[in-house]
Amino acid sequence: MVENVHKIDFFIAINNQLIKLMNLFWKEMVFGGHLFAVGSVAVILVCATLFRVHVGLDILFCSYLLFYAIYLYDYLQGVSSDELTNSSRARYLRSKHKAMCTVLITSVLLVALLLLFANIVTTFIGISILVLGLFYGSYFKKITKMIPAFKNFFVSFVWSFMVLFVFIYYSLPITYGALMLALFIFIRMMNIQILFDVRDAESDRKDGLLTIPALFSDRQYPFILRSVNSLSILFVTVCVILGLLPLLTLAVIPMFYYAATYINNVLKCKKNYSSYVFAACEPIMWSVLIFAGQYITMLGIL
């Protein structure tokens, strides 16, 4: 009897440890910048799948390190302001003593990989994106005080450029299809960035940042969010009909409903943090849907 009790206690202890590890892993993914780093890899995989470009681990690692360094640095820079709008992330970063040396080591490793595997042009572009991304929070973000939605355009452009980065990395001609996919990702990321600004609308107004939620009332910006969401789906559908994008691209159509769900949840409650996480996971969902569509297509052929 006593032995059975000890076994039960042992399994309970193991279970509790696993739960703690999973919780720690999830917090590190979300608060440590890894979620968007994985998302950038997903963008490259989507591009490679749609245009049948064979990509190696080198470009995937470069993309991951690039976005990890940029987002971790941005989070570390915003710890103080996050106390009001994202206290969970601020507490986690402080408790884990995330240091700037992590950003430095990641950046050095990225440059080393670019120098080792990429050509001069690609290396220059990669380093340029890194520098611009690192200076975003300190300098470029402030431009939003003069140019409405500048930070939204800036971030969305960097994400969309990753499609073109694939072609440049492998010295391939940039097609109209690549440009259309980049534009689609730009529209999607604009929608996500505007949504993130909903949480910071009040603080942005006080700081004079001209974000969409700060510029428009609580009755106006929801229309913009829903319109951009609908526009992106219409855009990709027209591109497929015109033959600019492969038919497989239509596999992302369910994103309209996925996005509509997290948008509605945020509009109901600005502090619905799980919905912001769903929005951050959207780039990963693109690759999941594209791979699922490809698998279903292959089954149909067989």
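The values are calculated or read from the model by the stated rules, or taken from the named source; none is laboratory data. Computed from a predicted structure; not experimentally measured. Note that each Cβ is placed from the backbone with ideal geometry, even for glycine, and that neighbours are counted across all protein chains shown. When the accessible area is computed, the model is the full protein with side chains, heavy atoms only, and any ligands, DNA or RNA have been set aside. Shrake-Rupley method; radii C 1.70, N 1.55, O 1.52, S 1.80 Å.
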With +1 assigned to the C-beta of every Lys and Arg and -1 to the C-beta of every Asp and Glu, and no other charges, what is the dipole magnitude of the range 109-263 about the Cα centre in debye, to the nearest 20? 160
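Rounded to the nearest 500 deg cm²/dmol, what is the calculated helix-only ellipticity per residue at 222 nm for the chain, with -39500 (n - 2.57) per DSSP H run of length n ≥ 4? Don't skip to the answer; put the middle values down first.
On the way: 15 runs with 237 residues, N = 302.
Estimated from H runs of four or more residues: -26000 deg cm²/dmol.
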Checked against the positive end of the charge dipole of the chain (+1 on Cβ of Lys and Arg, -1 on Cβ of Asp and Glu, about the Cα centre), the farthest of Leu113, Phe150, Leu35 is Phe150
Counting heavy atoms of the protein chains only and a 1.4 Å probe, report the per residue accessible area for the chain as a whole number of Å². 52
Pop out the carbon and sulfur fraction of the accessible area of the chain as a percent, whole number, probe 1.4 Å. 72
Sorted largest first, extent of the chain alpha carbons per principal axis (Å): 71, 56, 41
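If the limit is 24 Å between Cα atoms, which of Lys151/Lys271; Lys141/Lys206; Lys206/Lys270; Lys142/Lys206; Lys27/Lys145 go over it? Please report the intermediate quantities before stating the final value.
Numbers: Lys151/Lys271 22 Å; Lys141/Lys206 15 Å; Lys206/Lys270 17 Å; Lys142/Lys206 13 Å; Lys27/Lys145 32 Å.
Going by Cα-Cα distance, Lys27/Lys145 fall outside the 24 Å limit.
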Ranked packing of 281-287, 114-120, most packed first, by mean Cβ within 10 Å: 281-287, 114-120
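Among Ile296, Ile233, what's the order by accessible area (1.4 angstrom probe), most exposed first?
Values: Ile296 110, Ile233 20 Å².
Ranked list, largest accessible area first: Ile296, Ile233.
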Any chance you could look up the accessible area of Met180 with a 1.4 Å probe, heavy atoms only, rounded to 10 Å²? 40
Summing Lys, Arg as +1 and Asp, Glu as -1, what charge do residues with Cβ under 11 Å from the Cβ of Ile212 carry, Ile212 excluded? -1
